[in-house]
Amino acid sequence: MERILIIGANGQIGSELVTALADKHGADNVIASDIGADNVYGAKRYTRVDVLDKDAVARLVADENITQVYQLAALLSATGEKAPLKAWTLNMDGLLNILEIARERGEAGKPLKVFWPSSIAAFGPNTPSDAPQYAIMDPTSIYGISKLAGERLCEYYHAKYGVDVRSIRYPGIISFKSPPGGGTTDYAIAIFHAALRGEVYECFLGPETTLPMIYMPDAIRATVELMEAPAEQVGIRSSYNVAGVSFNPRELAAAIAAKLPSFRIDYKPDSRQQIADSWPKSLDDARATADWGWKAAIGVDAMVTDMLANVDVGLGKAA
Ligand code: SER
């Protein structure tokens, strides 16, 4: 039986992973946690914990006999640029605390499997635009630098201490359960909120900015499939490229307008454009396919239809 701790459960991925894992393993076996007191998405079990408080997390892991940790607490790319040192500390020390706890548990004969998200932000302007699994990285945002360093730490803890850590370089994730904000790819969520409010969407990226994206159900499925793969099939312990779909704001706006003909978009690129320009346009995920059978299932049209049917415009003013 798995006992699962999700740290950062009130964030974009956490809000949906808690439900998916509760369906699989039973709601009593999934403990959602975040830094605030509020159980925002109504997890059956929720506790407040700060990932930077290693002793508190270690106590929680021991008290609850946790066998898997999903360490999702982080500052994203745009928020990170506003507070680089805070982003570095949270993103790096948070991961290190979990890897150290996993090392200690492993040495005590109580193995702890770890999931940690990397990102397209680990790549940089010198990466080919269809990013291979192994490429020149050179990330330029503090978020991306923390992701690349985190990938190296994951591989190091696996090689040196045998920690069973697994990771995905997520494309921009599109979803409707949590409000948009904090990420450079979040224009692709905010655009739906504006469209459904009947507003002209002022896009902070230019029309031709193609980026790798993935719809949340595919992102969750990739996560679960990687975590369930037999250890010997997980040949990459830094982080796997996982692809979904690639599109730019002009193409997404057209797909929305095809279903909501009154929809209009304007372009007003800001500092996030520079971040987006440093990222690849697509990811080559052949290794994820070969090692654990990954294949994306959801295309742009299906995603647009589902988003328009489900976005709650009351979730707050779009970023
Ligand atoms: N969605 C993230 C961001 O834009 C990328 O990992 O910051």
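Compute the semi-axes of the equivalent ellipsoid of the stretch 187-319, taking the square root of 5 times each eigenvalue of the Cα gyration tensor, and list them largest first in whole Å.
So the three semi-axes of the stretch 187-319 are 31, 17, 12 Å.
For the chain, find the longest principal axis of its Cα atoms and tell me its angle to the long axis of helix 187-197, 0 to 90°, nearest 10.
Roughly 60 degrees, rounded to the nearest 10.
Per-residue accessible area for TRP88 at 1.4 Å probe radius, Å² rounded to 10?
Near enough 100 Å² of accessible area.
Got a sec? What order do MET1, MET213 fall in by accessible area at 1.4 Å, biggest, i.e. largest, first?
MET1, MET213
Give me the percent of DSSP beta bridges within the stretch 107-254 that run antiparallel, rounded to the nearest 5.
So the antiparallel bridges amount to about 20 percent of the total.
Please give the solvent-accessible surface of TYR161 in Å², to the nearest 10, using a probe radius of 1.4 Å with every protein chain present.
The accessible area comes out at roughly 90 Å².
Is the stretch 148-221 rounded, prolate or oblate when judged by the Cα gyration tensor, a ≥ b ≥ c being the square roots of its eigenvalues, rounded requiring a/c under 1.5 and prolate requiring a/b larger than b/c?
Note, shape of the stretch 148-221 comes out prolate.
Per residue, what accessible area does the stretch 1-145 have, given a 1.4 Å probe and all protein chains present, in Å²?
43 Å²
Using a 1.4 Å probe on the protein chains only, how many percent of the accessible area of the chain belongs to carbon and sulfur?
The computed percentage sits at 52.
For the chain, what proportion of DSSP beta bridges, expressed in % and rounded to the nearest 5, is antiparallel?
Antiparallel: roughly 10 percent of the beta bridges in the chain.
What accessible area per residue comes out for the stretch 174-319, rounded to a whole number of Å², with a 1.4 Å probe?
Using a 1.4 Å probe on heavy atoms only, each residue of the stretch 174-319 averages 40 Å².
Rounded to the nearest 10 Å², what accessible area does GLU199 have for a 1.4 Å probe in the complete protein model?
The accessible area of GLU199 comes to roughly 70 Å².
³J(HN,Hα) across the stretch 141-147 via Karplus (A = 6.51, B = -1.76, C = 1.60, θ = phi - 60°), whole Hz, x for Gly/Pro?
8, 5, 4, x, 4, 5, 5
Helix-derived [θ] at 222 nm for the chain: sum -39500 (n - 2.57) over DSSP H runs of at least 4, divide by residue count, nearest 500?
One gets -12000 deg cm²/dmol as the mean residue ellipticity at 222 nm.
Among rounded, prolate and oblate, which fits the chain when a ≥ b ≥ c are the square roots of the eigenvalues of its C-alpha gyration tensor, a/c under 1.5 means rounded, and a/b larger than b/c means prolate?
It comes out prolate by the Cα gyration axes.
Quick one: Cα centre-to-centre distance for the stretch 5-22 and the stretch 231-300, in angstrom?
Using only Cα atoms to place each centre, the spacing works out to 21 Å.
Going by alpha carbons, how many degrees (0 to 90, nearest 10) lie between the helix axis of 216-228 and the longest principal axis of the chain?
Tilt relative to the chain: about 20 degrees.
The values are calculated or read from the model by the stated rules, or taken from the named source; none is laboratory data. Not measured: the values here are computed from a predicted model. Ligands, DNA and RNA are stripped out before the accessible areas are found, and what is left, the full protein with its side chains, is counted by its heavy atoms. Shrake-Rupley method; radii C 1.70, N 1.55, O 1.52, S 1.80 Å.
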